[in-house]
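The values are calculated or read from the model by the stated rules, or taken from the named source; none is laboratory data. Keep in mind it's a predicted model, so treat the numbers as computed, not measured. FYI the Cβ positions are ideal-geometry reconstructions off the backbone, even for glycines, and counts take in every protein chain you see. We work out accessible area using only protein heavy atoms, side chains counted, and drop any ligands, DNA or RNA first. Shrake-Rupley method; radii C 1.70, N 1.55, O 1.52, S 1.80 Å.
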Amino acid sequence: MYRYNLNIRDACGTIVSWGIMTSEFDMPGSPSVDRAQPATALERLEEYLTLYPHLSDRIMRQFLVMLHERGELCIDDVYSEAREAAGSALEAAPTDSDNHNVADFPRGDQAERDSVQSITRRAVGKHLTSKEVDNVVNLALKREEADKLRAIVSLGSVSFRLLADTVRRFCALPVGEMQLAPDEAMGIRVGLIRHLVSDQLEFIAIAKRFLRIRDFEGIINRTIGAESGMGRVGGKAAGMYLAATIIGGRRHHATKPEQDLLPAEPTNDYQPSADPAAKYPVAIPESFYMRSDVIEDFLAFNGLGEYQNQKYKLPEEIHNEYRLIKSVFRNADFPSGIVEQLRELLVKVGDAPLIVRSSSLLEDRLGTAFSGKYASLFVANQGSEEQRLQALLGAVAEVYASVLGPDPLMYRRAHDLLDYEEDMAVLIQKVVGTRSGPYFAPVFAGVAFSRNEYRWSPRIKREDGLVRLVMGLGTRAVDRVAGESPRLVALGVPTLRHESTTTEIMCNSQRTLDVINVEKNKLESIKVQEFMKHGGNMPLLDRCLSIRKERLLVPPMGTYFDADPRDLYITFDKLLSEGIFTEQIRYIMRKLEKAYGFPVDVEFAHDGETLYILQCRTLSEGKAFSPQEIPSDVERDRIVFNANKFVRSGRLDDIEYIVFVPPRAYDELETREQRVEVARAVGRLNHALANRRFILIGPGRWGSNDLRLGVPVTYADINKARMLIEVAVEKGGYVPEVSFGTHFFQDLIEANILYLPLYPDSEGAVFNEDILYQADNHLTKFIEKPTEATSIIRVVHLPSIAPWHEKMRILMNGDEGRALALLASGS
């Protein structure tokens, strides 16, 4: 056995030295004696009692209980023998009744207690090994530290430094073979979750079953904030960290073996052929957690407290002032302590690209995900240290400013969360990926759902789940972008596509990658051909790309590409038909859904070797409807539209207004400004019709980043509508993708806004636009002076349409994949 010193830096930066003895079992402060032979169990015990005299009673009591439980001795017999040895005149109390008075159990004197310990020592020497002595003493030490930790987490207010120091002392103890009982650890876990992670009771109920005390050291050691303060890491960080723990994935900052947790609950009846979570690595990116109290320090340091009242202003004021607020925040200063901590972070990560992500206390909660409401920014992290620091500070400031944006504030107002004190934590992570030429990006990324509500084939089961998969950064999986689509993967039948021809596949497939250009120090969107020309050495390319040969798309035979880059298409055919990915992601979704007790969605990225979990939250499902019966005897002139693809069950009665943006008229608008005008006008109509039953019908992709493909509305512009309908008109062989799976789509679900795509060019489709064009336009009742651009919008008051003078009803049958909108009175 050898003794050495382990230096641990505490929350103040002070080096704390622990004496460590190396053997099969390392323990802080373990005794060390030079011997030719290993110590006997009794010798080890005596050394520990000498080293920890203040814990001698606790240690001996622990041994007595252990020996009693193993049947090596009986506690009653030990005390009887001790009384006799101590010459006590006390008689054993009767044992045939529980109703004893206090006099039946008088306390023993010191001589009796010394005798009990002497008897216990002899039993230790007779029945236990040195290793077992180490384990028992370690458990006694853990209980001592656990008592201190329990006292601290039970305080209503505690400094981060005090809490962090106490957690580190507990974690410095070896894991050992003897663990705290679940009831001993549970209260500490709950207290740590409440102080450091989340105060949401629903989250705590899940997390306390999986997060161990030792797991919090990984968070504490990478937390940014004042040592005298205290804040939480926020919803996004909490969901990611918990998901990795449930799955059993590798967390980059885990410092201890993961052995002292209550075993995770078993998964449901799905059993993969092999456990992918064990066979293949799953991890979270290298992460740093800027606590939620730092934003308070930032606002106070710059005198920006006045903006906390922004949430009570009118929507138009919030929207108009947001650009100024972003500028003010980006040019504000941070306290020097935070600046230095971020400088140290940059030293640790070097010039690796970073992403600065919002992690609001309200974000990713059960029922209110705030999908895409707050800013997340990529930082290429190139240049001098000072340049990199300024870029990082600017990104954090912009995330802070996004708290005051119109979308999150309107979302909070809609969910009665406006008066909640919204403190924004920030999650800073290395971007998952690999460098290929000047480009840095994941090989592929996406978002997975444990439930699939929009199925395009009877072979697809709801419980199998869905993945939106893209090559490069995952931005294209969760945002709506121009002229191309992510690969939609039904996990039960992963090779089944919703397109029916090779031409459709080529028109719909992803052709542009989002990457970080580390040479230009910025985020870029590049074509596949450009990527292959300058950086086509990324791993697993053969699993992502297919080659056009005549009228077919063919996966490459090997890993080498001998094809014109213009003939390459992102299909993921080989990835989905070979290897472990679909089985692995399906396993993960099932396991997380079982643990959460709710459907979940997970954002992920893959660097060619490891699958990384980026985010996990409960999946909003909206109001549940049974499949509606679709009548077959409706007069054709009463039908407004029908649908036969991507239909979810639902029903909407007594629709009074339709706000209609004609696809062709919108397509003819010449400038970006005109299309933005249309979006803002839709927002004003949304506010004016808030108390009416109205639906929105418009071109292509509502909320698209590409203004040519759809009206660029945000959540605040559409959150009062009862239904949103996208008219997917074919353009040059391309049909716009449907919304589901995007952040925009999650907004609709949470707001109980029904969604339906229309494909008027498909066989059997009906879209009776004449009803909408021939009806009077009531636009000027709500917008007094429409511009040339906004005058294309038609506001149709359905009861005014002759000869029916009726409202509209929409019936949707997800089982049959059919929907019908008809003019009909009553319900």
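Considering only segment 684-695, I want to know if a residue exists there that is more than 15 Å from Val727 (Cβ to Cβ), open to solvent by less than 10 Å² (accessible area, probe 1.4 Å), part of a helix (DSSP H, G or I) and modelled with pLDDT of 90 or more. For segment 684-695, residues more than 15 Å from Val727 (Cβ to Cβ), open to solvent by less than 10 Å² (accessible area, probe 1.4 Å), part of a helix (DSSP H, G or I) and modelled with pLDDT of 90 or more: present.
For segment 647-661, filtering for residues that are in contact with a helix residue (DSSP H, G or I) (Cβ under 8 Å, 6 or more places away or on another chain), open to solvent by less than 10 Å² (accessible area, probe 1.4 Å) and part of a strand (DSSP E or B) leaves 4.
Does Val678 count as of a type in the set (A, V, I, L, M) and either more than 32 Å from the chain's Cα centre (by Cα) or surrounded by fewer than 16 Cβ atoms within 10 Å (Cβ to Cβ) (or both)? Yes, satisfied.
So which residues in segment 111-142 are of a type in the set (Lys, Arg) and within 17 Å of Pro53 (Cβ to Cβ)?
Those that are of a type in the set (Lys, Arg) and within 17 Å of Pro53 (Cβ to Cβ): Arg113, Arg121.
Could you pull out every one of the strands (runs of 3 or more DSSP E) wholly within segment 518-564 that has 3 or more residues that are without any contact (Cβ under 8 Å) to a residue 24 or more places away in the chain and polar (S, T, N, Q)? Before the answer, list the steps.
Working: elements: 522-527, 545-549, 552-554.
Hits in segment 518-564: none.
It is to be established whether one or more residues within segment 444-463 are more than 22 Å from Lys645 (Cβ to Cβ), in contact (Cβ under 8 Å) with a residue 40 or more places away in the chain, among the charged types (D, E, K, R) and open to solvent by 10 Å² or more (accessible area, probe 1.4 Å). No: zero hits. Candidates Arg708, Arg675: the one that is at pLDDT below 90 and of a type in the set (D, E, K, R) is Arg708. Only one of the numbered conditions (1) within 21 Å of Arg435 (Cβ to Cβ); (2) acidic (Asp, Glu); (3) modelled with pLDDT under 90 is not met by Glu550, and that is (1). The condition (being under 19 Å from Asn691 (Cα atoms), crowded, with 23+ Cβ neighbours inside 10 Å and modelled with pLDDT under 90) is satisfied by just one residue among Leu724, Leu748: Leu748.
Residue pairs whose Cβ atoms lie under 8 Å apart, sitting 6 or more positions apart in sequence or on different chains, and linking a residue in segment 146-171 that is closer than 14 Å to Phe216 by Cβ and of a type in the set (Phe, Trp, Tyr) to a partner that is open to solvent by 60 Å² or more (accessible area, probe 1.4 Å) and in a loop (DSSP other than H, G, I, E, B), are Phe160/Glu227; Phe160/Ser228. A single entry from Leu377, Leu362, Leu393 fulfils the requirement of being open to solvent by less than 50 Å² (accessible area, probe 1.4 Å), assigned to a helix (DSSP H, G or I) and among the hydrophobic types (A, V, I, L, M, F, W, C): Leu393. Scanning segment 520-549 for residues that are open to solvent by 60 Å² or more (accessible area, probe 1.4 Å) and polar (S, T, N, Q) turns up Asn521, Ser525, Gln529, Asn537. Residues in segment 709-724 that are in contact (Cβ under 8 Å) with a residue 40 or more places away in the chain and more than 13 Å from Val661 (Cα to Cα): Thr714, Tyr715, Ala716, Asn719, Ala721, Arg722, Met723. Among the conditions (1) within 30 Å of Val528 (Cβ to Cβ); (2) in a loop (DSSP other than H, G, I, E, B), the only one that Asp419 does not satisfy is (1).
Helices (runs of 4 or more DSSP H) fully within segment 151-263 that include at least 1 residues being at pLDDT 90 or above, farther than 23 Å from Ser292 by Cα and in contact with a strand residue (DSSP E or B) (Cβ under 7 Å, 6 or more places away or on another chain): 160-172, 235-247.
A count restricted to segment 574-613 and to residues that are among the basic types (Lys, Arg) and under 30 Å from Val554 (Cβ atoms) stands at 2. Take the conditions open to solvent by 30 Å² or more (accessible area, probe 1.4 Å), touching a residue at least 12 places away in the same chain (Cβ under 8 Å), assigned to a helix (DSSP H, G or I) and out of contact with any strand residue (DSSP E or B) (no Cβ under 8 Å at 6 or more places or on another chain) and apply them to Glu81. Does it pass? Considered against the rule, which asks whether it is open to solvent by 30 Å² or more (accessible area, probe 1.4 Å), touching a residue at least 12 places away in the same chain (Cβ under 8 Å), assigned to a helix (DSSP H, G or I) and out of contact with any strand residue (DSSP E or B) (no Cβ under 8 Å at 6 or more places or on another chain), Glu81 comes out as yes.
Part of a strand (DSSP E or B) and open to solvent by 10 Å² or more (accessible area, probe 1.4 Å): is that true of Leu513 in this structure? It is false that Leu513 is part of a strand (DSSP E or B) and open to solvent by 10 Å² or more (accessible area, probe 1.4 Å). With respect to the conditions (1) part of a loop (DSSP other than H, G, I, E, B); (2) buried (at least 19 other Cβ atoms within 10 Å of the Cβ), Lys785 lacks only one, and its number is (2). In segment 127-142, which residues are in contact with a Leu (Cβ under 7 Å, 6 or more places away or on another chain) and either over 14 Å from Glu177 (Cβ atoms) or not β-branched (Val, Ile, Thr) (or both)? His127, Asn138, Ala140, Leu141, Lys142, listed by residue number. Within segment 550-598, being touching an Asp or Glu at 6+ places or on another chain (Cβ under 9 Å), closer than 22 Å to Pro486 by Cα and open to solvent by 40 Å² or more (accessible area, probe 1.4 Å) holds for Val554, Pro555, Pro565, Arg586. Annotation: of all residues in segment 298-340 being open to solvent by 30 Å² or more (accessible area, probe 1.4 Å) and in contact with a Gly (Cβ under 7 Å, 6 or more places away or on another chain), the one that is nearest to Ala391 (Cα to Cα) is Arg330.
Matching residues to (1) closer than 27 Å to His195 by Cβ; (2) part of a loop (DSSP other than H, G, I, E, B):
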| position | (1), (2) |
| --- | --- |
| Tyr289 | yes, no |
| Ser292 | yes, yes |
| Lys311 | yes, no |
| Glu316 | no, no |
| Glu321 | no, no |
| Phe334 | yes, yes |
| Gln341 | yes, no |
| Leu346 | no, no |
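Selection of segment 404-416 for residues being open to solvent by 10 Å² or more (accessible area, probe 1.4 Å), at pLDDT 85 or above and of a type outside the set (Asp, Glu) yields Leu404, Pro406, Met410, Arg413.
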